[in-house]
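Participant: First the structure, which I've put down as C-alpha cells, then a few questions once you've had a look.
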Amino acid sequence: PELGDEHAIKRFLAQPLTLYQGTADVLEAELDMKPDAMKQGPTRIERGRANFRLAKKLAAEKGWPFNWRIVEAPGLGHNSKAMFSHPNCAEALFGPKPAPSP
C-alpha cells in the first residue's frame, strides 16, 4: 500500500496517538507563516486543535476507528521543559488516571 492511500490513513487514525500542547503556544517565533501553513491556523495551538478535529471528522465520516486524544497544558507556550514539568504530562504519556473504586 502507498503511504497516503486510504488503508494507510485508516491505520494511522486508529493508532493510539496523543497530541500534547500548551494552550499559550501562540507566538510566531520559528513558526511557518507561509500562506499554505496559515490555512492550518495562525498558532501552534490552533493548528494542533484543527489537525485533531480534521482527523476525528474524517474517521467519523468513513466509519473508521479513531484512537487519538488531545491533552493540553493550560497557560504554557512552546517550552519543552515546562511541558514535561506540567501535571498534565503524565496524562499525555500514560493516559488518564483510572477512576477511584467505589
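Participant: For the range 51-64, how many residues are buried (at least 17 other Cβ atoms within 10 Å of the Cβ) and touching a strand residue (DSSP E or B) at 6+ places or on another chain (Cβ under 8 Å)?
Facilitator: Matching residues across the range 51-64 total 2.
Participant: All but one of (1) touching a Leu at 6+ places or on another chain (Cβ under 6 Å); (2) in a helix (DSSP H, G or I) hold for R53; which doesn't?
Facilitator: (1)
Participant: Going through G4, G48 one at a time, which residue ends up being among the small types (G, A, S) and either surrounded by 12 or more Cβ atoms within 10 Å (Cβ to Cβ) or modelled with pLDDT of 95 or more (or both)?
Facilitator: Criteria check complete, one pass: G48.
Participant: Which of the residues spanning the range 79-102 are part of a loop (DSSP other than H, G, I, E, B) and open to solvent by 60 Å² or more (accessible area, probe 1.4 Å)?
Facilitator: N79, P87, P96, K97, P98, A99, P100, S101, P102
Participant: Now, a different point. Is there any pair with a first residue in the range 28-39 that is touching a residue at least 40 places away in the same chain (Cβ under 8 Å) and a second that is open to solvent by less than 100 Å² (accessible area, probe 1.4 Å) and acidic (D, E) whose Cβ atoms are under 8 Å apart and which are 6 or more apart or on different chains, and what are they?
Facilitator: Between residues of the range 28-39 that are touching a residue at least 40 places away in the same chain (Cβ under 8 Å) and residues that are open to solvent by less than 100 Å² (accessible area, probe 1.4 Å) and acidic (D, E), there is no close pair.
Participant: Which one is farthest from the chain's Cα centre (by Cα), of the residues in the range 27-45 that are under 30 Å from P96 (Cβ atoms) and open to solvent by 70 Å² or more (accessible area, probe 1.4 Å)?
Facilitator: L27
Participant: Here's something else I'd like to know. Does the range 65-78 contain at least one residue that is charged (D, E, K, R) and either out of contact with any Ser or Thr (no Cβ under 7 Å at 6 or more places or on another chain) or loosely packed, with under 12 Cβ neighbours inside 10 Å (or both)?
Facilitator: No; the residues of the range 65-78 include none that is charged (D, E, K, R) and either out of contact with any Ser or Thr (no Cβ under 7 Å at 6 or more places or on another chain) or loosely packed, with under 12 Cβ neighbours inside 10 Å (or both).
Participant: Does D25 fit the bill of being closer than 23 Å to F94 by Cβ and either out of contact with any Cys (no Cβ under 8 Å at 6 or more places or on another chain) or in contact (Cβ under 8 Å) with a residue 40 or more places away in the chain (or both)?
Facilitator: yes
Participant: Please enumerate the residues belonging to the range 65-78 that are small (G, A, S) and either assigned to a helix (DSSP H, G or I) or touching a strand residue (DSSP E or B) at 6+ places or on another chain (Cβ under 7 Å) (or both).
Facilitator: Listed by number, the residues that qualify are A73, G77.
The values are calculated or read from the model by the stated rules, or taken from the named source; none is laboratory data. Note that the coordinates shown come from a computational prediction; the quantities given were computed from them, not determined experimentally. Heads up, the Cβs are rebuilt from the backbone with ideal geometry, glycines too, and the neighbour counts pull from every protein chain shown. Side chains are part of the model used for accessible areas, which takes the heavy atoms of the whole protein and leaves out ligands, DNA and RNA. Shrake-Rupley method; radii C 1.70, N 1.55, O 1.52, S 1.80 Å.
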